[in-house]
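Written below as structure tokens is the structure these notes are about.
The values are calculated or read from the model by the stated rules, or taken from the named source; none is laboratory data. Values in this document were obtained by computation on a predicted structure and should not be read as measured data. Here the Cβ positions follow ideal geometry from the backbone for every residue, glycine too, while neighbour counts run over all protein chains shown. When the accessible area is computed, the model is the full protein with side chains, heavy atoms only, and any ligands, DNA or RNA have been set aside. Shrake-Rupley method; radii C 1.70, N 1.55, O 1.52, S 1.80 Å.
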Amino acid sequence: MIKQIVSKNNKIELGMLTSSSFNFLLSSKYKDSKKIIIVDENTEQECWPFVLTSFEALKDAEVILLPSGEENKVMEICFQVWEAFTNYKIQRNDLVINLGGGVVTDMGGFIASVYKRGLDFINVPTTLLSMVDASVGGKTGINLGPHKNQLGVFSAAELTVCDASFLKTLEPKEILSGKSEMIKHGLIASKSLFNDLVNDKNEIPSAELIEAAILIKSDIVDKDYKEEGDRKKLNFGHTIGHSIEGCLLEKQVEITHGECVAWGMLVESYLSISLAGLSSEEFSIIETYIRNTYTALAIDEAEFGNLIQLMFHDKKNQGAKINFTLLNAIGESTVDYQLEEDQILEALKKVFM
Ligand SMILES: NC(=O)c1ccc[n+]([C@@H]2O[C@H](COP(=O)([O-])OP(=O)(O)OC[C@H]3O[C@@H](n4cnc5c(N)ncnc54)[C@H](O)[C@@H]3O)[C@@H](O)[C@H]2O)c1
């Protein structure tokens with residue numbers, strides 16, 4: 001059975017790809033379009049064979065293989081894909097299908113959105129993180145050096161289909177990475193989702209929990225597509241998390257996006273105690289969960305200055321201060337706290353030393 005999440009800015013379907021409107025779109029609206037499938041090294045192996053054998057309309061599709069990993073979410077790769085589009089004589093009415101995790105949906109969405117001023121694209125997310133977060137909400141983009149998602153456009157997919165059967169081949173650390181963004185959705189907007197996730201002992205979260213997390217994201221995005229207000233709530237944990245990710249990316253340390261966000265959420269929860277009214281009891285619940293679930297990070301005090309410098313490039317900032325979303329309580333958050341460097345340093349010390 002397919003569930004549709006009706007939303008102003010996204011058309012999201014949950015359930016089997018083969019029962020979704022994907023097939024219908026391929027054989028109706030995009031019947032005469034060339035189809036370009038963007039995959040990475042892992043989704044080419046684990047996901048593409050199933051998709052190819054399931055959909056007759058994809059038998060002549062052009063497959064574009066990206067190197068997997070965050071370090072490849074860069075302009076150099078985009079140039080190569082745009083050159084391939086030109087060689088394939090791709091036109092405005094052609095269709096891009098992003099089959100992969102957040103790197104593929106972010107970068108594939110960006111590549112499609114700027115080629116010839118915009119090709120339509122469909123997201124078929126294959127990681128938990130891209131199902132509950134990256135493939136929903138119309139943010140596409142790439143990194144610029146250590147600065148996360150510094151180049152990009154708001155551009156919504158024509159359709160996003162979240163088929164949890166793709167998650168069976170995902171490594172456990174990637175499931176935990178996606179769960180971190182689900183935890184974030186609970187922390188900013190739903191205490192019951194947070195509690196359910198913390199108590200969930202299943203290796204892969206249930207379809208109900210995945211749906212609940214997507215609903216929180218799509219609700220927030222519908223109210224504030226261009227991130228002028230409440231959408232900044234979705235950045236909880238990311239001001240610190242993106243700086244950790246950028247810093248470790250530069251040092252070629254392998255780490256998932258969700259792990260960086262989890263530790264970022266812990267630092268930002270600590271800041272929330274004195275600045276936004278989060279109780280010490282609720283902080284302890286968050287701290288216990290994160291310390292017990294995510295591997296300790298290789299961040300020492302010598303890196304703190306570098307982290308702060310990276311935070312000055314955060315896209316939420318206005319002026320000379322660093323902008324944060326903080327928690328008033330588990331399930332309640334407020335945007336636009338402008339913080340000084342010494343406040344952030346103190347929180348980094350508290351969490352990492
Ligand atoms: N656009 C947004 O709103 C938004 C929101 C959150 C995160 N993001 C971005 O998402 C990215 C992280 O996404 P991610 O965690 O999905 O990373 P990812 O795309 O790198 O995928 C993680 C790993 O899993 C592999 N993989 C993907 N699907 C698989 C499958 N079904 N079976 C086996 N292996 C599979 C990939 O090849 C990769 O090695 C970051 O770049 C982050 O900035 C974007």
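Considering only residues that are outside any helix (DSSP H, G or I) and within 9 Å of the ligand (Cβ to nearest atom), look in region 40-59 and name the one that is surrounded by the fewest Cβ atoms within 10 Å (Cβ to Cβ).
Taking region 40-59 and keeping what is outside any helix (DSSP H, G or I), we get 40, 47, 55, 59.
Adding the requirement that they be within 9 Å of the ligand (Cβ to nearest atom) leaves 40, 47.
Numbers: ASP40: 25, CYS47: 22.
Residue satisfying both the conditions and the ranking: CYS47.
Within region 101-141, how many residues turn out to be of a type in the set (Ser, Thr, Tyr), farther than 21 Å from ASP230 by Cβ and assigned to a loop (DSSP other than H, G, I, E, B)?
Of region 101-141, the ones of a type in the set (Ser, Thr, Tyr) are 105, 113, 115, 126-127, 130, 135, 140.
With farther than 21 Å from ASP230 by Cβ added as a condition, the list becomes 105, 113, 115, 126-127, 130.
Still in the running and assigned to a loop (DSSP other than H, G, I, E, B): 126-127.
Matching residues across region 101-141 total 2.
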Hey, SER206 hits all of (1) within 27 Å of LEU170 (Cα to Cα); (2) more than 13 Å from the ligand (Cβ to nearest atom); (3) buried (at least 23 other Cβ atoms within 10 Å of the Cβ) but one; which does it fall short on? (3)
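Listed residues LYS116, LYS148; which is of a type in the set (Lys, Arg) and within 11 Å of the ligand (Cβ to nearest atom)? Before you say what the answer is, go through the steps one by one.
Numbers: LYS116 fails: within 11 Å of the ligand (Cβ to nearest atom).
Unique residue meeting the criteria: LYS148.
Just a yes or no: is a residue in region 151-160 at pLDDT 95 or above, outside any strand (DSSP E or B), open to solvent by less than 20 Å² (accessible area, probe 1.4 Å) and among the hydrophobic types (A, V, I, L, M, F, W, C)?
Initially, region 151-160 is screened for residues at pLDDT 95 or above, giving 151-160.
Among the residues that remain, those that are also outside any strand (DSSP E or B) are: 155-158.
If we keep only those that are open to solvent by less than 20 Å² (accessible area, probe 1.4 Å) too, we end up with 157.
Those still in the list that are among the hydrophobic types (A, V, I, L, M, F, W, C) too: 157.
The answer is yes, given that some residue of region 151-160 is at pLDDT 95 or above, outside any strand (DSSP E or B), open to solvent by less than 20 Å² (accessible area, probe 1.4 Å) and among the hydrophobic types (A, V, I, L, M, F, W, C).
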Here are the criteria: (1) open to solvent by less than 20 Å² (accessible area, probe 1.4 Å); (2) touching a strand residue (DSSP E or B) at 6+ places or on another chain (Cβ under 9 Å); (3) closer than 28 Å to ILE244 by Cα; (4) not acidic (Asp, Glu). Tell me which single one LEU128 does not satisfy. (2)
Residues of region 234-245 being within 15 Å of the chain's Cα centre (by Cα) and within 13 Å of the ligand (Cβ to nearest atom), in sequence order, are LEU234, ASN235, PHE236, GLY237, HIS238, GLY241, HIS242, GLU245
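Return yes or no: is LEU278 crowded, with 21+ Cβ neighbours inside 10 Å, over 22 Å from the mean Cα position of the chain (by Cα) and not in a loop (DSSP other than H, G, I, E, B)? Spell out the reasoning first.
Details: crowded, with 21+ Cβ neighbours inside 10 Å: yes; over 22 Å from the mean Cα position of the chain (by Cα): yes; not in a loop (DSSP other than H, G, I, E, B): no.
No: the conditions fail for LEU278.
Any idea how many residues of region 157-171 are of a type in the set (A, V, I, L, M, F, W, C) and away from the ligand (no atom under 11 Å from the Cβ)? Steps first, please.
So the first thing to find is which residues in region 157-171 are of a type in the set (A, V, I, L, M, F, W, C), and the list is 157, 159, 161-162, 164, 166-167, 170.
Filter once more, so that each one left must be away from the ligand (no atom under 11 Å from the Cβ): 159, 161-162.
Residues flagged as of a type in the set (A, V, I, L, M, F, W, C) and away from the ligand (no atom under 11 Å from the Cβ) within region 157-171 amount to 3.
Any residue in region 281-302 that is outside any helix (DSSP H, G or I), farther than 25 Å from ALA189 by Cα and open to solvent by less than 40 Å² (accessible area, probe 1.4 Å)?
So the first thing to find is which residues in region 281-302 are outside any helix (DSSP H, G or I), and the list is 294-300.
Filter once more, keeping what is farther than 25 Å from ALA189 by Cα: 295-300.
Retained after the next criterion (residues that are open to solvent by less than 40 Å² (accessible area, probe 1.4 Å)): 297, 299.
Among the residues of region 281-302, at least one is outside any helix (DSSP H, G or I), farther than 25 Å from ALA189 by Cα and open to solvent by less than 40 Å² (accessible area, probe 1.4 Å), which makes the answer yes.
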Can you confirm whether ILE111 is modelled with pLDDT of 95 or more, out of contact with any Leu (no Cβ under 7 Å at 6 or more places or on another chain) and within 14 Å of the ligand (Cβ to nearest atom)? yes
Which of (1) in contact with a Pro (Cβ under 8 Å, 6 or more places away or on another chain); (2) in contact (Cβ under 8 Å) with a residue 40 or more places away in the chain; (3) open to solvent by 10 Å² or more (accessible area, probe 1.4 Å); (4) not in a helix (DSSP H, G or I) is the odd one out, the single condition LYS179 does not satisfy? (4)
Region 225-255, residues that are open to solvent by less than 10 Å² (accessible area, probe 1.4 Å) and not in a helix (DSSP H, G or I): PHE236, GLY237
